[in-house]
Amino acid sequence: MWQSESLSPRALRTVIRQQNGGIRNTSGIAAGYQQANVVILHKSLANDFEAFCRANNSPLPLLYRSQCGEWSCPPLATGSDIRDDCPEYCVFENGVLVKKVPSLSSYTPQLQDMVTFYLGCSFGFEKALKAAGVPVRNVEQGKNVSMYKTTVPCIKAGRFYCPMVVSMRPVPQHKLETATQCTHAIPLAHGGPVHIGDPKLVGIHDLSQPDYGDPVEVCPGDVPVFWACGVTGAEAVQSCKSALAFTHSPGCMFLTDQKAETVSPVALKPAECPLTFCISQNPQHYSMASKRAVQQIQAIEELVVEDPGARGIRALFVQDELLKASLSLSHSSSVLITTGFPTHYMHNPPEETDGPPGTIAMAAMLQALDKEVVIVTDERALEMNRHIIRDAVEKGVIKTAVPVISFQSKGPESALHFLCRDGDPTKPRFDHLMAIERSGRAVDGNYYNMRGINIKHLVDPIDDLFITASVISGITTTGIGDGGNELGMGKVQAAVKAHMPNGSLIACNVAADFAITAGVSNWGGYAVACALYVLNLCPIHWRYLRRGLGLPPTPEQQSIWTACLPTVAKEEDVLRILVKYGIRSGKTANLGLEVDGLAFHPYHSDIVQRLRDLTL
């Protein structure tokens, strides 16, 4: 009896041709060698399919395109014959799978007018996973890998369009980073994952029912990790409905003589080294960015937590909250932002200048990234905030007006109906709620400024939206604050009570998923805008965000994003608008901001400039 582990790929191809070696699929054999998905099409479709591969490189990394009627593939394997070198083939007629066969030799006349495409396969990185200590569950269980159709559309080219197919390997949570780094280093085997976490986020509803391959058991502590899959090529073949086409049968690959590229994770440069972060547990969702981008955002986070008022806000700081919040925002499609802290309760209007500039900076960047943005504020300040946004558009601080709405509680279901269509928690209108310098409800139900004055009569119950969102799958929340009495800062409530003046009284009792602490809340908003910019220029994050499909951002896109970054001049414009409507300086007065004269304190303008320097 032959031992697959001891045979070379060429010898294994010989065994496969003999059709008596019992090779049911090629997972776990020819370890360390590149395997290939196979698509065979009429020559008239070849150029379109190659364009489809180039546009969807992660599922369809092109290893070799044959000449018309060529059975061999000299760059990949010696003495090969594609008619017999896969354990099993699929035969398609007019886009319909009509049968599976062990050989294509009987189709030799038709193959004279056909072109073969060899595409990279994830089996090529399984040895690297094992070497790094990552268990490969399908191999352990003696099964073919699980493969699923997703709802992620590939980029169309000619007659080819289809949803992407992914393979799934369960990975222990503590090995996620190792798995992403190992596979990212092997792009011809599909590269790094395109999704980590809840399968429903890519349209897969039951892991026990794969569309191709075998169901693989997920062990306790494992996280589902999804890689782009070359079986996408079979879906594309079906979409074009050609008279005759062939593919390998899923899991029954062509074995090449080429070693799979391997790079030790420790050898990866910061720009090439992916790091993974959990950005949601409901649903479970991980994101990734390069080590360099992470370090850049951490530096931004450290800058904005500088404490100009020496109030001890460092005690509220939790590292990487800016990073995780920004990763979550990058994945979002619709963002609801709230601001407004009526600390000047004796004046009309009672708002302060901290909050609106940061809100507008975040909204501008989110709009540039094609996110839907809505602002919710107090009913009493609704028209004023609409005028502020209108004036900001006229000044060019933000490109497009943001809808400004209010929320009034009319009963226990009001927040649910506001957040979700028809009050259905499976249909949220927003996937991220942001609060920046927004009055937060204390444990006694009141709202306090830092001096301990109750301002509840000036505040609408927007906290209810954050409380309700905490139990709705798919909505993430973030709070930005500089004192601990702001909405969302309930996440650090214990630290507020222990370290802030009047902390036991004023501490917000409503927690957000992420709490960003800043010396001035506006700085936190600017930091979010800068972090989003950094992430979307990070090739690793950009690829993951787009499931490995499409091209890098264009120079035109990058130029638009750069124009949306915060500047001292933009903040001057926004402050001028706020003064126009009678809004007074709050804690920013401690920095010497002469709002009426717009004479900025050097420390404040220096922070804004240093933010840009860290970002660009």
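The numbers here are math on the coordinates, done by the rules we state, and not lab data. As the structure is a computational prediction, the values presented were derived from the model and not from experiment. In this analysis, Cβ positions are derived from the backbone assuming ideal geometry, glycine residues included, and neighbour counts consider all displayed protein chains.
In sequence order, the range 562-575 has phi-based couplings of 4, 5, 8, 5, x, 9, 4, 4, 5, 5, 4, 4, 5, 4 Hz under the Karplus curve 6.51 cos²θ - 1.76 cosθ + 1.60, θ = phi - 60°, and Gly or Pro positions carry x.
Counting only residues at least eight positions apart within a chain, or on another chain, the lysines with an alpha carbon under 21 Å from that of Lys497 are Lys456, Lys587.
Shown in residue order for the range 204-219 are the 3J(HN,Hα) couplings computed by the Karplus curve 6.51 cos²θ - 1.76 cosθ + 1.60 at θ = phi - 60°: 9, 9, 8, 5, 6, 10, x, 6, 9, x, 10, x, 10, 5, 8, 7 Hz (x for Gly and Pro).
At a Förster distance of 51 Å, what's the computed FRET efficiency of Ala31 paired with Val443, Cβ-Cβ distance as r, to 0.05? Working shown, then result.
Numbers: r = 59 Å, r/R0 = 1.15.
So, using R0 = 51 Å, E works out to roughly 0.30.
Ranking Pro350, Val218, Ala131 by how far each Cα lies toward the positive end of the dipole of the chain (charges on Cβ) leaves Ala131 at the top. The calculated FRET efficiency for the pair Thr14 and Thr108, based on their C-beta separation and a Förster distance of 30 Å, comes to about 0.95. Could you pull out the pairs from Lys156/Lys399; Lys427/Lys570; Lys175/Lys259; Lys127/Lys175 whose alpha carbons sit more than 26 Å apart here? Violating the 26 Å limit, Cα to Cα: Lys156/Lys399; Lys427/Lys570. Excluding same-chain neighbours fewer than eight residues apart, the aspartates and glutamates reachable from Lys371 by a Cα-Cα span under 16 Å are Asp431. Simple rule: put +1 on each Lys or Arg Cβ and -1 on each Asp or Glu Cβ in the chain, find the dipole, and look at Gln493, Ala228, Gln110; the Cα lying farthest toward the positive end is Gln110.
Among the lysines, which fall within straight-line cross-link reach of Lys269, defined as a Cα-Cα distance under 16 Å, with same-chain neighbours fewer than 8 residues apart omitted? Hits, sequence-local ones excluded: Lys291. Across all Cα pairs in the range 71-220, the calculated P(r) in 10 Å bins from zero up to the longest distance comes to 9, 31, 36, 20, 4, 0 percent per bin.
When the range 268-385 is described by a simple charge dipole with +1 on each Lys and Arg Cβ and -1 on each Asp and Glu Cβ, the residue from Tyr286, Ala363, Val304 located farthest towards its positive end is Tyr286. Annotation: amide H of Val145 within the under-5 Å range of Asp214, sequence separation 5 or more or interchain, hydrogens built in the peptide plane.
Taking θ as phi - 60° and the Karplus parameters 6.51, -1.76 and 1.60, the scalar couplings of the range 311-320 work out to 9, x, 5, 4, 5, 8, 6, 10, 5, 6 Hz in sequence order, x denoting glycine and proline.
Kirkwood Rh over alpha-carbon pairs of the range 349-422, then Stokes-Einstein at 20 °C and 1.002 mPa s: what D in µm² s⁻¹, rounded to an integer?
Reported coefficient: 158 µm²/s.
Dipole size in debye (nearest 20) for the chain around its Cα centre, Lys and Arg Cβ +1, Asp and Glu Cβ -1?
Details: 54 positive and 59 negative charges, 214 e Å.
Charge dipole of the chain: 1020 debye, to the nearest 20.
Given the alternatives (1) 1.07; (2) 1.15; (3) 0.99, Rg/Rh (Cα atoms, Kirkwood Rh) as computed for this entry is given by (1).
Taking other residues whose beta carbon is less than 12 angstrom from the beta carbon of Met365, and scoring Lys, Arg as +1 and Asp, Glu as -1, yields +2. Modelled spin labels at Arg451 and Lys156, positioned 7 Å past Cα toward Cβ, are 6.3 nm from each other.
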